[in-house]
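Scroll down for the structure; my scribbles are underneath it.
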Amino acid sequence: MDIADIDLVSVDHVLMTTRAVRKRLDLARPVGREVIERCIEIAIQAPTALYGETWHFIVITDATQRAAVAEIYRRAGEGFRSGAFPLNPYLSGLRATSPDDKRFTAQQRMFSAGLELMKHLQDVPVLILACAEGRVENEGPGAQASLYGSIFPAVWSLMLAFRARGIGSVMTTLHIGHFERDMARVLELPARVTQAALLAAGYFTGSDFKPAKRAPVRGCIHWDRWPQGSESA
């Protein structure tokens, strides 16, 4: 296909309207294996930081396995909600705690949708655990960037491929901090494998999505160097 033949309107629409779908998933409609395989086939065309294709996707459609994964996810969610697992300082700093904060309403809406997902995760037709070979938790930022930089582009491409086929998805890392080993036991993962993200996916019940309300792009673009006197650092 020649570059001139690419429909930029459609491409831009998919890129700008791929949302995290937590509530509007059709829990009764299965997603065919051939569709899942095709979307993963597309996903692994994503750029990778490590030559050798270290990605793996554990596709969970069996009801018993989905229930086991959902139980681990719920334990993680309940731990964070109760305060038993405090948020790390980075995430705590991003959380809006006052209605006067412009982020508060959107965050509360997201938390509510996340609670619904936690309640019904076992009913979502497809769960996919994206993994990468290797362990880097004791390594420096360079090794960590290489490993995650080799799996997350594929995860995002998978979400886009789903979106283009009317399948909604959401990426979560909620269980990894405290229940990674539990998930590894359920899915029989080798010790050398790093879990990067859990995706829940199903046909979405709405008609379409709109672009999200984001701050003006000029606020996150810095030409040539970090702006002096910036309060965002």
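The values are calculated or read from the model by the stated rules, or taken from the named source; none is laboratory data. Treat the numbers as computed from the prediction; the structure is a model and nothing was measured. A quick note on method: Cβ atoms are made from the backbone with ideal geometry, for glycine too, and the neighbour counts reach across all protein chains shown. Keep in mind that these areas ignore ligands, DNA and RNA; they rest on the heavy atoms of the full protein, side chains included. Shrake-Rupley method; radii C 1.70, N 1.55, O 1.52, S 1.80 Å.
Take the stretch 1-57 and flag every residue that is part of a helix (DSSP H, G or I), of a type in the set (Asp, Glu) and farther than 18 Å from Ser169 by Cβ.
Asp5, Asp12
Within the stretch 61-72, restricting attention to residues that are in a helix (DSSP H, G or I) and touching a strand residue (DSSP E or B) at 6+ places or on another chain (Cβ under 7 Å), which residue is surrounded by the most Cβ atoms within 10 Å (Cβ to Cβ)?
Within the stretch 61-72, the match that is surrounded by the most Cβ atoms within 10 Å (Cβ to Cβ) is Val69.
Name the residues in the stretch 161-178 that are of a type outside the set (Val, Ile, Thr) and open to solvent by less than 20 Å² (accessible area, probe 1.4 Å), would you?
Ala161, Phe162, Gly168, Ser169, His175, listed by residue number.
Taking the stretch 82-118, which residues are over 29 Å from Val31 (Cβ atoms), at pLDDT 70 or above and either in a helix (DSSP H, G or I) or among the aliphatic types (A, V, I, L, M) (or both)?
Within the stretch 82-118, Ser82, Ala84 meet the criteria.
If you check Glu78 against the conditions, is it open to solvent by 80 Å² or more (accessible area, probe 1.4 Å), assigned to a helix (DSSP H, G or I) and modelled with pLDDT of 95 or more?
no
Here is a list: Leu158, Leu147. Which entry is open to solvent by less than 40 Å² (accessible area, probe 1.4 Å), modelled with pLDDT under 95, within 27 Å of Met16 (Cα to Cα) and part of a helix (DSSP H, G or I)?
Going through Leu158, Leu147 in turn, the sole match is Leu147.
In the stretch 17-46, what residues are surrounded by 12 or more Cβ atoms within 10 Å (Cβ to Cβ) and polar (S, T, N, Q)?
Of everything in the stretch 17-46, those that are surrounded by 12 or more Cβ atoms within 10 Å (Cβ to Cβ) and polar (S, T, N, Q) turn out to be Thr17, Thr18.
Hey, can you tell me all the residues within the stretch 179-191 that are open to solvent by 20 Å² or more (accessible area, probe 1.4 Å) and either of a type in the set (A, V, I, L, M) or part of a strand (DSSP E or B) (or both)?
Correct list: Ala184, Val186, Leu187, Leu189, Ala191.
Return the residues of the stretch 133-144 that are farther than 17 Å from Ala191 by Cβ and assigned to a loop (DSSP other than H, G, I, E, B); say none if nothing qualifies.
Hit for the stretch 133-144 is Gly140, nothing else.
Being at pLDDT below 90, touching a Ser or Thr at 6+ places or on another chain (Cβ under 8 Å) and of a type outside the set (A, V, I, L, M, F, W, C) is the filter; apply it to the stretch 1-53 and report the residue that is farthest from Leu147 (Cα to Cα).
The extreme case among them is Arg24.
In the stretch 192-221, which residue that is among the hydroxyl-bearing types (Ser, Thr, Tyr) and under 17 Å from Val21 (Cβ atoms) is least open to solvent (accessible area, probe 1.4 Å)?
Looking at residues that are among the hydroxyl-bearing types (Ser, Thr, Tyr) and under 17 Å from Val21 (Cβ atoms), I get Tyr203.
Answer yes or no: is there a residue in the stretch 201-216 that is under 23 Å from Val59 (Cβ atoms), at pLDDT below 95 and part of a loop (DSSP other than H, G, I, E, B).
Yes, the conditions are met somewhere in the stretch 201-216.
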